[in-house]
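**Q** Below is a structure I'd like to ask you about.
Bear in mind these aren't lab numbers, they're just calculated from the coordinates by the rules spelled out. Computed from a prediction, not measured in an experiment: that's the story for all the values here. Here the Cβ is made from the backbone with ideal geometry for all residues, glycine too, and neighbour counts use every protein chain on show.
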Amino acid sequence: MAEKLLEVNGLKVRFTTEDGVVRAVDGVDFELERGKVLGIVGESGSGKSVTAMTLLGLTRDKNTRFEGEVLYRDQDLLKLPESRLREVRGNEIAMIFQDPMTSLNPVYTVGDQIVEAITTHEQASKSEAKRRAVELLRQVGIPNPQVRVDDYPHQFSGGMRQRAMIAMALSCNPDVLIADEPTTALDVTIQAQILELLDRLRADFDSAVILITHDLGVVAEVADDILVMYAGRIVERGGKRQLFYDPQHPYTWGLLGSIPRLDRPKPEKLHSIEGTPPSLINLPEGCKFRPRCPHAFEKCSEEPELKNRVEAPGHLDRCWLSLEDKRHLRESTIAGEARVA
Amino acid sequence: MTEPQTQNGALVQIESLKKYFPIRKGVLSREVARVHAVDDVTLSVAEGETMGLVGESGCGKSTLGRCVVRLLEPTAGDVVFDGKSIGHLRARTLRPLRREMQMIFQDPYASLNPRKRVGTIISDPMRIHGIGDRKERKQRVEELLQVVGLSPEHYNRFPHEFSGGQRQRIGVARALALRPKLIVADEPVSALDVSIQAQMVNLLEDLQDEFRLTYVFIAHDLGVVRHVSDRIAVMYLGKLVELSPAEELYTRPIMPYTEALLSAVPVPDPDLAEKRERIVLEGDVPSPINPPSGCRFHPRCRYATEICSEVEPPLVDYGNGHLAACHHPLNVDKETLARVQASPAHTPEAADATALPEEPGKEVSKPVPRRD
């Protein structure tokens with residue numbers, strides 16, 4: 001069995017604001033194994049980024065309350081003191097952010113920033129660190145790395161900056177790489193390059209990747225397992241094929257249905273999920289998706305727990321509908337036929 | 001919706017349009033170089049049609065869109081709107097025409113004035129153009145709010161009270177206020193979440209049917225573009241490289257760039273994603289300051305040969321209103337290829353099937369002297 005790197009149990013994150021308590025993450029559990037890519041999918045405000053940032057202690061603040069645990073190598077990252085967490089952060093668990101334009105420091109060269117990451121965590125001389133920075137830039141596909149290492153971020157294009165970010169994240173051979181919307185700001189052609197790179201690096205470095213995205217196409221290409229998040233909780237979780245070919249939650253159907261797809265005939269109308277996501281301060285009673293769900297019935301006023309309801313093990317969802325109803329109802333939602341795995 | 005092939009009903013005609021931005025340096029602000037944002041594009045949009053405009057960032061699609069509604073003045077070439085040449089009109093003469101063409105912007109957070117109420121935002125265009133009195137305008141705004149799926153009670157609210165999707169609806173209501181003929185939508189859904197994106201796309205389609213609108217739909221998302229467009233124009237580094245009826249572009253791309261662009265779109269189907277061959281383009285889009293010689297795509301093209309770096313391929317008609325500019329066209333049978341190559345009309349202007357036959361009744365206003 002693959003080595004379990006990270007285990008998240010009952011994670012809750014709450015922010016106290018002037019308007020009230022924001023329940024950004026409200027009970028999230030998952031495990032991450034070495035060499036796997038876990039996709040976290042959801043809309044803005046679903047809690048996917050907060051979940052990822054919390055793993056690295058980036059949401060720590062006096063107005064934040066945490067519950068649950070994040071186990072990494074038998075230690076709970078939530079309770080780790082900041083000084084210890086700094087040893088983990090960037091070294092064993094690294095992160096790539098969405099916007100390559102703002103996540104690099106404009107007044108230092110790209111090389112300096114990678115060197116800093118290396119020398120912070122390892123006993124390496126500056127020249128040794130620089131040599132490694134050049135090597136890393138080569139690995140992520142920057143042409144002419146010996147020269148480009150001395151460039152400033154503004155001399156790099158968007159795609160190259162994201163590559164530099166990835167090089168920095170990989171500089172200490174992390175066990176876990178968290179990529180928060182790594183391709184959202186990029187053109188499709190550059191996105192394809194970056195996704196291919198992530199996939200290759202996962203194999204070369206044998207790390208585990210958490211890939212956060214709103215694009216189901218992206219997770220279909222690179223993820224092994226998928227979490228679908230809505231209003232701070234997981235509404236469905238399963239293997240990639242289970243989720244795409246046998247989706248159980250109406251929200252997942254809605255997401256699948258609302259993408260205009262190139263691989264299928266054009267539908268007359270796109271399926272859309274009516275309404276907007278709920279406020280995280282005033283969450284609806286019962287199932288959080290109920291106000292927008294076209295299939296809601298009386299039982300939905302009570303919140304279903306996340307559990308296995310289908311034959312396939314490891315495929316969990318939060319929906320009261322019977323298997324029979326689901327199979328029947330989702331046909332109309334997801335354009336084209338939903339293949340049953 | 002009008003048939004895409006309709007040739008006589010052109011609402012917008014873009015004629016050899018060029019837009020260069022000067023780069024100035026030094027104390028005297030001397031022009032040292034130029035960004036070739038749009039470089040000789042000829043294109044027409046029929047009334048009631050949706051013309052999709054796609055390409056990577058920096059390809060000139062937004063600049064072209066802005067030239068069409070004359071937010072920018074073209075460096076050379078012209079835009080003929082509804083029979084009138086507007087490419088070089090002065091602001092004052094242009095103003096009455098502005099009613100007929102409106103724009104929807106990408107960022108719903110930046111495109112609404114945060115200090116104005118929704119009612120003012122939507123009624124301002126009518127006030128500026130002197131339409132109706134206060135009461136009539138208010139009534140019209142309330143109607144519009146309903147049309148775009150908001151509630152008339154939202155009249156007195158501020159933009160910050162709305163979500164991204166709702167704000168974009170306000171932007172649409174504002175664009176509709178003057179009952180325009182043409183709407184240029186520049187990435188209208190790319191800032192929105194997928195579920196909201198679908199709502200917006202459906203709304204835009206309904207409005208088109210209801211108000212007989214013509215759209216120029218600029219987007220980088222090929223899925224969305226396919227869904228809304230009748231025809232699609234693909235741009236690369238300021239050039240129009242392929243123009244095709246929407247469905248045909250996806251089943252039969254001719255230009256290798258289009259092929260690569262399509263294959264880069266991730267498919268939300270794991271089995272298919274594994275099976276299909278993916279063309280990953282090397283490198284980035286070259287600089288539009290010094291575009292490559294010959295075919296601008298040749299440094300990244302996997303079919304490129306010597307001729308591609310030397311001769312710029314003309315835009316050629318491959319039948320059925322499908323045009324492409326390529327020395328090594330894909331998905332074209334031998335007969336068509338032979339016919340096309342034999343044709344004397346091997347120049348961009350002559351080959352452009354979208355150039356419309358002149359209507360005797362309509363007189364095109366006098367050509368305006370070009371500035372260069």
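**Q** List every residue whose amide H lies under 5 Å from the amide H of B:Gly77, counting only residues 5 or more places away in sequence or on a different chain, with H placed 1.01 Å from N in the peptide plane.
**A** Residues meeting the criterion, in which the H sits 1.01 Å from N, are B:Lys18.
**Q** Also, I was wondering about something else. Using only helices, what value at 222 nm comes out for the protein assembly as shown when you add -39,500 (n - 2.57) per DSSP H run of length 4 or more and divide by the total residues, to the nearest 500 deg cm²/dmol?
**A** Working: 24 runs with 227 residues, N = 713.
Only helices count here, giving -9000 deg cm²/dmol.
**Q** Further question on the same structure: Which one, A:Leu177, A:Leu80, A:Leu316, has the greatest fluctuation when you compute a Gaussian network model over chain A with C-alpha springs under 10 angstrom?
**A** Its mean-square fluctuation being the largest, the pick is A:Leu80.
**Q** Please state the charge dipole magnitude for chain B, taken about the Cα centre, from unit charges on C-beta atoms (+1 on K and R, -1 on D and E), reported in debye and rounded to the nearest 20.
**A** Its charge dipole is roughly 2120 debye.
**Q** If you plug each phi of segment A:91-107 into the Karplus form 6.51 cos²θ - 1.76 cosθ + 1.60 with θ = phi - 60°, what whole-Hz ³J(HN,Hα) values come out, in order, with x for Gly and Pro?
**A** Ordered by residue, 3J(HN,Hα) equals 9, 9, 10, 10, 10, 10, 9, 5, 9, x, 6, 10, 8, 10, 7, x, 9 Hz.
**Q** Considering amide H positions built from the backbone, and no H for Pro or chain starts, which residues 5 or more places from B:Val316, or on another chain, come under 5 Å of its amide H?
**A** B:Ala324, B:Ala325, B:Cys326
**Q** Take the alpha carbon gyration tensor of segment B:71-196, find the square roots of its eigenvalues, order them as a ≥ b ≥ c, and report rounded if a/c is under 1.5; if not, report prolate when a/b exceeds b/c, else oblate. Working shown, then result.
**A** On the way: a/c = 2.28, a/b = 1.41, b/c = 1.62.
It comes out oblate by the Cα gyration axes.
**Q** Can you give me the Kirkwood hydrodynamic radius for segment A:1-109, using every pair of distinct Cα atoms, in Å to one decimal?
**A** Taking every pair of different Cα atoms in segment A:1-109, averaging 1/r and inverting gives 15.3 Å.
**Q** Suppose R0 equals 56 Å; then what is the FRET efficiency for A:Lys4 and B:Thr93 from their Cβ-Cβ distance, rounded to the nearest 0.05?
**A** Step by step, r from the Cβ atoms, then E = 0.20.
**Q** 5 Å is the cut-off here: which amide hydrogens, built 1.01 Å from N in the peptide plane, fall below it relative to B:Thr50, excluding neighbours closer than 5 in sequence?
**A** Answer set, sorted by chain and number: B:Tyr215, B:Asp230, B:Arg231.
**Q** In segment B:267-300, what GluC sites (Glu not before Pro) fall in a loop by DSSP, with at most 14 other Cβ atoms inside 10 Å?
**A** Hits after loop and neighbour filter: B:Glu277, B:Glu282.
**Q** In what sequence do B:Tyr318, A:Tyr72 fall when counting other Cβ within 10 Å, fewest first?
**A** Fewest-to-most Cβ neighbours within 10 Å comes out as A:Tyr72, B:Tyr318.
**Q** On to the next question. With +1 on the Cβ of every Lys and Arg and -1 on the Cβ of every Asp and Glu, and nothing else charged, how large is the dipole of segment A:1-94 about its Cα centre, in debye rounded to the nearest 20?
**A** I would put it at about 200 debye.
**Q** Something else about it: Determine the sum of side-chain charges near B:Ser263: Lys and Arg each +1, Asp and Glu each -1, restricted to other residues whose C-beta is under 13 angstrom from that of B:Ser263.
**A** Result for the neighbourhood of B:Ser263: -1.
**Q** What fraction of the DSSP beta bridges in the protein assembly as shown is antiparallel, stated in percent and rounded to the nearest 5?
**A** 65
**Q** Under the Karplus relation 6.51 cos²θ - 1.76 cosθ + 1.60, θ = phi - 60°, what is the ordered set of whole-Hz ³J(HN,Hα) values for segment A:135-151, x standing for Gly and Pro?
**A** 4, 5, 4, 5, 5, 8, x, 7, x, 6, x, 4, 8, 5, 4, 9, 7
**Q** If you don't mind, another one. With a/c under 1.5 counting as rounded, go ahead and sort segment B:1-125 into rounded, prolate or oblate using the C-alpha gyration tensor (a ≥ b ≥ c being the square roots of the eigenvalues; past the cut-off, prolate if a/b is larger than b/c, else oblate).
**A** In terms of gyration-tensor shape, oblate.
**Q** What is the order of B:Cys326, B:Cys67, A:Cys293, A:Cys172, fewest Cβ neighbours within 10 Å to most? Intermediate results must be reported in sequence, preceding the final value.
**A** Working: B:Cys326 24, B:Cys67 27, A:Cys293 21, A:Cys172 18.
Result, fewest neighbours first: A:Cys172, A:Cys293, B:Cys326, B:Cys67.
**Q** Here's another thing I want to ask about it. Per-residue HN-Hα couplings for segment B:86-98, Karplus 6.51 cos²θ - 1.76 cosθ + 1.60 at θ = phi - 60°, whole Hz, x for Gly and Pro?
**A** The phi angles translate into 10, x, 10, 5, 7, 3, 5, 5, 6, 3, x, 6, 4 Hz.
**Q** On to the next question. Which peptide among B:97-109, A:5-17 comes first, and what is the full order, when sorted by highest mean count of other Cβ atoms within 10 Å?
**A** The packing order, highest mean first, is B:97-109, A:5-17.
**Q** In chain A, if the dipole is taken from +1 on Lys/Arg beta carbons and -1 on Asp/Glu beta carbons about the Cα centre, which of A:Val115, A:Pro265, A:Thr276 is farthest to the positive end?
**A** A:Pro265
**Q** Can you say what percent of the DSSP beta bridges in segment A:179-259, counting only those with both residues inside, are antiparallel? Round to 5.
**A** 75
**Q** Test of the criteria: in segment A:108-162, which GluC sites (Glu not before Pro) are in a DSSP loop and have at most 12 other Cβ atoms within 10 angstrom of their Cβ?
**A** On the way: sites: A:Glu116, A:Glu122, A:Glu128, A:Glu135; in loops: A:Glu122.
Sparse-neighbourhood loop GluC sites (Glu not before Pro): none present.
**Q** When the dipole is taken about the Cα centre of the protein assembly as shown, and only Lys, Arg (+1) and Asp, Glu (-1) are charged at their Cβ, what size is it in debye, to the nearest 20?
**A** Working: 91 positive and 104 negative charges, 488 e Å.
In debye, rounded to 20, the protein assembly as shown gives about 2340.
**Q** Another question, if that's okay. Rounded to the nearest Å, what's the spacing between the alpha carbon centres of segment B:287-319 and segment B:113-164? Just the number, please.
**A** 48
**Q** Find the centroid of the Cα atoms in segment A:256-299 and in segment A:142-177, then give the distance between the two in whole Å.
**A** Between the Cα centres of segment A:256-299 and segment A:142-177 lies a distance of 38 Å.
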